[in-house]
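Participant: One structure is given below, represented as structure tokens, and several questions about it will come after.
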Amino acid sequence: MSLRRVSIEINGQTYEREIEPRLLLSDFIRHEAGLTGTHVGCEHGVCGACTVQMDREPVRSCLMLAVQADGHSLRTVESLADPDGTLHPLQQAFHESHALQCGFCTPGFLMSIEPALADARDYDDDQIRELLAGNLCRCTGYQNIVTATADAAKRMSGAERSA
Amino acid sequence: MKPPPFEYKDPRSLDETLAVLAENGEDGKVLAGGQSLVPLLNFRLAQPSVIIDVNRVEELSYLRRGDGKLRIGALCRQARLEQSPVAREGWGLLGDALKLVAHPQIRNRGTVGGSAAHADPAAELPVALACLDARFKARSSRGDRVLEARDFFVTHLTTALEPDELLVEVEVPPLPEGTGHAFEEYSRRHGDFALGGAAVLYTTNGDGSCTDARIALLGAADTPLRATEAEAELKGKQLTEDLAAEAARIATRDIEPTGDIHGSGSYRKRLIEAMVRRALLKAAA
């Protein structure tokens, strides 16, 4: 099987590797780049745990071949917190609202939600539930994830500051 | 699981793609958005020896209006079609259907052409396209041909595309003024495959009587199914609750959906009937 040389940017760092074309992007991120914050659940696109952003759009990394990401720019959960460890407002809201228990699904949720929050507006519960519908969580019952997302949206839209 | 080994080709132009298909079509599988094919690879239900990845054929990613028709390049992402003001304005049924296709993360990658060529009878886009009288443009190094939905969709996961042919465009004709649209389906959870559904386009003239009705069924057969008898029944009449119920009964009279652990065949038949009735009333409202 012939190997392919790829160059994939993840969180601002470029990873050049020789890989088999059948290598899934999720496995490239975890095993080649060593970024194990991205979790792999069902490996057929149902659970959303492996969601990352490619060119700012949330995608399932288990449903892409790593060769397809050649030349593209990815973001994973490791990009959210500041280098000094200060949590992203979305992570902080998850923490405060107890929006995670085991944490396995959390990176996927965060990467799915984060681009929507960049729109800096408030979301109602239905819109938030639509936003979360592609990610499964087996611990929380979702209520606290909805609460945390609404809270983060408020913080990021500046509503809290102006209130 | 992980995909089995395969040879990987990623042509950069349509011409190059057609050349690769002419050489490898028999053993090859075209990879577009990958939201159906990659799970099949991961499960090893599909084991093609060659993967022909068309994601870098940017000339197929267009979405535009031309001669009044909506022209959708095969590689146009579903999310782009869903968010397109042009599509929303003239072909609202597409937006109705796309909202029901899995989740935003899937629609960011999934393509219109890929969903059509995958030909899953439980998928929303093929049903909407059949309802819209869309035409499917296939191209190979031998030339072009254009197929109607009823000829394009052959059976479960099978289209009329030859091994060396690529679906290059889906062409959707304009709708007459006064056309309402609705897509109704039932699934256990939002984003799951639906157990049954229906797409409806309903056109009325000034006094409210029906000049054209189109009904396409989801999950009723091995392809999207047009309910032509029920469509004829509606023409020239004003829609009432009773007429909608009667048309839904006619639309589903002869279907025999396959049952599985999620619902028996007879349950699905009644479900699709209810979806037709609801979609008719919604499209006519």
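Throughout, read-outs are computed from the coordinates displayed, never taken from laboratory work. Please read these numbers as outputs of a predicted model, since none were measured by experiment. Don't worry about glycine lacking a Cβ; one is built from the backbone with ideal geometry, like all the others, and counts go over all protein chains shown.
Participant: List the residue ranges in chain B for DSSP H helices whose C-alpha atoms run 27 angstrom or more along the long axis and whose Kyte-Doolittle average is -0.5 or above.
Facilitator: Both cut-offs are met by B:265-284.
Participant: Using the structure shown, list the pairs from B:K137/B:K237; B:K9/B:K99; B:K2/B:K269; B:K137/B:K282; B:K2/B:K137; B:K9/B:K137 with a Cα-Cα distance above 30 Å, or answer none.
Facilitator: In this structure, B:K137/B:K237; B:K9/B:K99; B:K2/B:K269; B:K137/B:K282; B:K2/B:K137 lie more than 30 Å apart at Cα.
Participant: The protein assembly as shown: D in µm²/s via Stokes-Einstein (Kirkwood Rh, Cα pairs, 10 °C, 1.306 mPa s)?
Facilitator: 68 µm²/s
Participant: Beta carbons within 10 angstrom, averaged per residue: use that to sort the peptides B:193-202, A:40-49, highest first.
Facilitator: Final packing ranking: B:193-202, A:40-49.
Participant: Once you keep just the Cα pairs under 8 angstrom separated by 6 or more residues, what percentage relative contact order results for chain B? Let's see the in-between values first.
Facilitator: On the way: 657 pairs, mean separation 44.2, N = 285.
Relative CO of chain B lands at 16 percent.
Participant: With unit charges on the beta carbon (Lys/Arg positive, Asp/Glu negative), name the residue among A:V77, A:A118, A:L63 whose Cα is farthest towards the positive pole of the charge dipole of chain A.
Facilitator: Result: A:L63.
Participant: Report the relative contact order of segment B:162-285, percent, no decimals, based on alpha-carbon pairs under 8 angstrom and at least 6 residues apart.
Facilitator: Reported as a whole number, the value is 28 percent.
Participant: If you don't mind, there's one more thing I want to ask. Mind ordering A:61-74, B:139-152 by average Cβ neighbours within 10 Å, highest first?
Facilitator: Descending packing order for the listed peptides: A:61-74, B:139-152.
Participant: Continuing with the same structure: Below 10 angstrom from the Cβ of A:A69, what's the summed charge of the other residues (Lys, Arg +1; Asp, Glu -1)? Don't skip to the end; give the middle numbers.
Facilitator: Working: positive: none; negative: A:E9, A:D55, A:D70.
Cβ neighbours under 10 Å give a net charge of -3.
Participant: Okay, next question. Can you tell me the relative contact order of segment A:5-163? Whole percent, Cα pairs under 8 Å, sequence separation 6 or more.
Facilitator: Over segment A:5-163, the number comes to 23 percent.
Participant: Name the long-range amide H neighbours of A:E9: under 5 Å, sequence gap of 5 or more, or other chain; modelled H, no Pro or chain starts.
Facilitator: Under 5 Å from the amide H of A:E9 lie the amide H atoms of A:Y15, A:G71, A:H72, A:L74, each far enough along the sequence or on another chain.
Participant: Can I ask one more? What are the residues whose amide H is under 5 Å from the amide H of B:L70, where those residues sit 5 or more places off or on another chain and H is modelled from the backbone?
Facilitator: B:V172
Participant: Give me the tail of P(r) for segment B:179-284 as a percent: Cα-Cα pairs with distance above 22 Å.
Facilitator: Summing the P(r) tail past 22 Å for segment B:179-284 gives 25 percent.
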